[in-house]
Amino acid sequence: MTLKRARRLSRGVAIVGAGMSKFGAFKEKSSRDLFVEAFAEMKGSVDKGLDAAEIESLYIGNFSSDLFEGQGHLAPIIADWLGLLPRPATRVEDACASSGVALRMGILAIASGLYDVVLAGGVEKMSNLPTERVTDTLAMASDALYEIPAGLTFPGIFAIMATAHMQRYGTQPEHFMRIAVKNHQNGALNPKAQLGSTIQQVMQSRVARAKERGQPAPPWRDEMDFLHDAQANPVVAWPMRLFDCSPISDGAACVLLAAADVASRFTDKPVHIIGSGQGSGPALHTSDELTSLSAAKVAARQAYEMAGVTPKDIKIAEVHDCFTIAEVVASEDLGFFAPGQGGFAAAEGATALHGERPINTSGGLKSKGHPVGASGVAQAIEVWKQMRGEAGARQARKGKVDVALTHNVGGTGGTCVVHIYERR
Amino acid sequence: MAERAFTADSFYTYLREGKLMAARCAQCGALHLPPRPLCNRCQSLELSWVQLQGKGKLAAYTAIAVAPGFMAAQGYGRDKPYCTGIVELEEGPRISARIAGVDAAQPERIAIGTAVRIVFPGDPKGPGDQQGAAMPVLTFTA
Ligand SMILES: [Zn+2]
């Protein structure tokens, strides 16, 4: 047996229900409360109804409830709060890819034949800590011995990829800004989004506020002007500015997975998982390339091979845009655009909601929010809605999305997990 | 004399002594920076310390304005950004490091490819390691 053997699931798996909490900053809610919200919505989404007793096991993605909330060992607490004791509940930690990997663990558990019905989800409650301590906590997903001592932060490492990408390919800060504009436009159509306004709207409300206070009107002609203003859009880690970064978020998401042979008990519109891939990668300084994530390329190759599809077949994709540069890199690593073309393609509108290759119709992590342990499964929920024609005002391709992909990155590329979905 | 263990503790102890040290694999010849006790190319445990010259060029960089706690405690932040980047050494390996001798307030003027050399002892006020002692900060200057 070699690693080259084509990998297949020995049993089909489908998503048959999906739900998420609103994403945002919710002082009064802990992660278990957020998860209950997601679970209640998921239960309501199961077309033929769900008796919760049918759930056999739970896989819960969470990066660091320990540091964010002072709560370790989260999974059994969530099982208890959902009324699902004494079922096995397992916490999965792969930084920001925690729930993408939890989803994969759930899929593998069903494919193994052990279970028929599994709950996969994720949660993070980040807003209790001040920004500086959130920065420190997220940085722990990079190398504490050789990256953090150099003063690197999470946005800092992605910013390094950005300067490398700019130098190598001529990518411009304006390309990053166009991605922020696009993701805010999509997020404004998503009632679950944390930053549910377009950048145009953010700009206009600041103009209105200045007027109210009798201050001179800000000089912005349009949203790009606004994004170039160092006061309105300050640098976080150059060239990444505030509007290039996903926010600090609280939220939870979960999907109900069922073996394909029992899916019809729950719905006549299942979303089948036809490809799953996962890879691991090194710290950026020891990577072969500074403009690509090797783990993402590995995960994508596995998922495409398993699904028997190519990048051309993907109708929409949710990719891990923790920072706008990450969306550029993702769109290249996944094979949607040639290396170096991701920023240009996005700036030309190719990835817009009604572009040739819609990316992050949900608003992405950038606008929808990024409760890190919930993001991977929240991506799967967007795909579920789009593929079932239930995405409302942000519905892509007139509801005809037969093949879709999600791409979830942990840390700065240490983990990447890719899934491919099909509606038959 | 027995080699020091191929740990971060040894790496930073050498740095305090004014030496940038990497580990060379005796079996496949790979040069590892940071050092490691097992060659990740061939799994060999036979390594030896090699001193690097500490000269290289800036492979990519950023100027950080939202600083982590230990940098903020030293006054770095929005009003005082700092440059950090990845240095490609003449011997081949790359490493993350603080970059001095450039204007972090004008990051668009910092050039990838700029020649840099290591400075000792670097900034002594790094983050605390697991024992609570501050690690020195690997620092290069343009
Ligand atoms: Zn070796």
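Values computed for the structure shown
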read-out: Residue check, residue B:23 at pLDDT 95 or above and touching a His at 6+ places or on another chain (Cβ under 6 Å); value: yes
read-out: Flag for residue B:85 being more than 16 Å from the ligand (Cβ to nearest atom), under 23 Å from residue B:136 (Cβ atoms) and not aromatic (Phe, Trp, Tyr); value: yes
read-out: Answer from A:230, A:188 - the residue that is surrounded by fewer than 24 Cβ atoms within 10 Å (Cβ to Cβ) and closer than 29 Å to residue A:381 by Cβ; value: A:188
read-out: Members of the stretch A:371-402 that are open to solvent by 10 Å² or more (accessible area, probe 1.4 Å), outside any helix (DSSP H, G or I) and touching a residue at least 40 places away in the same chain (Cβ under 8 Å); value: A:388, A:400, A:402
read-out: Every residue from the stretch A:244-276 that is crowded, with 24+ Cβ neighbours inside 10 Å and within 14 Å of another protein chain (Cβ to nearest Cβ); value: A:244, A:246
read-out: Of residues in the stretch A:86-108 being part of a helix (DSSP H, G or I), open to solvent by less than 10 Å² (accessible area, probe 1.4 Å) and not polar (S, T, N, Q), the one farthest from residue A:373 (Cα to Cα); value: A:107
read-out: Filtered residues of the stretch B:38-56 (kept if among the small types (Gly, Ala, Ser) and within 16 Å of the ligand (Cβ to nearest atom)); value: B:44, B:48
read-out: Test: residue in the stretch B:89-96 that is open to solvent by less than 70 Å² (accessible area, probe 1.4 Å), of a type in the set (Ser, Thr, Tyr), more than 9 Å from chain A (Cβ to nearest Cβ) and away from the ligand (no atom under 16 Å from the Cβ); value: no
read-out: Tally of residues being open to solvent by less than 10 Å² (accessible area, probe 1.4 Å), at the interface with chain B (Cβ under 9 Å from one of its Cβ atoms) and among the aliphatic types (A, V, I, L, M) across the stretch A:129-154; value: 3
read-out: Residue that is nearest to residue A:367 (Cα to Cα), among those in the stretch A:150-188 that are out of contact with any His (no Cβ under 8 Å at 6 or more places or on another chain) and not in a helix (DSSP H, G or I); value: A:188
read-out: Test: residue A:266 is closer than 30 Å to residue A:28 by Cβ and of a type in the set (Phe, Trp, Tyr); value: no
read-out: Members of the stretch B:19-59 that are without any contact (Cβ under 8 Å) to a residue 12 or more places away in the chain and in contact with a Cys (Cβ under 8 Å, 6 or more places away or on another chain); value: B:45
read-out: Residue in the stretch B:7-18 that is more than 16 Å from the ligand (Cβ to nearest atom), without any contact (Cβ under 8 Å) to a residue 24 or more places away in the chain and among the polar types (S, T, N, Q) present; value: yes
read-out: Qualifying positions in the stretch B:97-108 - without any contact (Cβ under 8 Å) to a residue 24 or more places away in the chain and either buried (at least 17 other Cβ atoms within 10 Å of the Cβ) or away from every other protein chain (no Cβ under 11 Å) (or both); value: B:103
read-out: Listing of helices (runs of 4 or more DSSP H) fully contained in the stretch A:279-362 that carry 3 or more residues being at pLDDT 95 or above and within 17 Å of the chain's Cα centre (by Cα); value: A:294-307, A:324-333
read-out: Qualifying residue in the stretch B:21-37 (condition: outside the structural domain of residue B:111 (by TED's automatic domain parsing) and more than 16 Å from the ligand (Cβ to nearest atom)); value: yes
read-out: Residue check for residue A:279: on the phi > 0 side of the Ramachandran plot, surrounded by fewer than 23 Cβ atoms within 10 Å (Cβ to Cβ) and away from chain B (no Cβ under 14 Å); value: no
read-out: Subset of the stretch A:39-84 [open to solvent by less than 60 Å² (accessible area, probe 1.4 Å) and acidic (Asp, Glu)]; value: A:54, A:69
read-out: Residues satisfying the stated conditions in the stretch A:155-180, i.e. more than 8 Å from chain B (Cβ to nearest Cβ) and open to solvent by 10 Å² or more (accessible area, probe 1.4 Å); value: A:166, A:168, A:169, A:170, A:172, A:173, A:174, A:175, A:178
read-out: Scope the stretch B:77-88; condition within 14 Å of residue A:286 (Cβ to Cβ) and open to solvent by less than 10 Å² (accessible area, probe 1.4 Å); matching residues; value: B:86, B:87
read-out: Tally of residues being more than 11 Å from chain A (Cβ to nearest Cβ), exposed (fewer than 15 other Cβ atoms within 10 Å of the Cβ), in contact with a strand residue (DSSP E or B) (Cβ under 9 Å, 6 or more places away or on another chain) and in a loop (DSSP other than H, G, I, E, B) across the stretch B:39-76; value: 5
read-out: Test: residue in the stretch A:198-220 that is within 14 Å of chain B (Cβ to nearest Cβ), open to solvent by 20 Å² or more (accessible area, probe 1.4 Å) and in a helix (DSSP H, G or I); value: no
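The values are calculated or read from the model by the stated rules, or taken from the named source; none is laboratory data. Computed from a prediction, not measured in an experiment: that's the story for all the values here. All Cβ positions, glycine included, derive from the backbone under ideal geometry; neighbour counts span all protein chains shown. Each accessible area value is taken on the protein alone, full model and side chains, heavy atoms only, with ligands, DNA and RNA left out. Shrake-Rupley method; radii C 1.70, N 1.55, O 1.52, S 1.80 Å.
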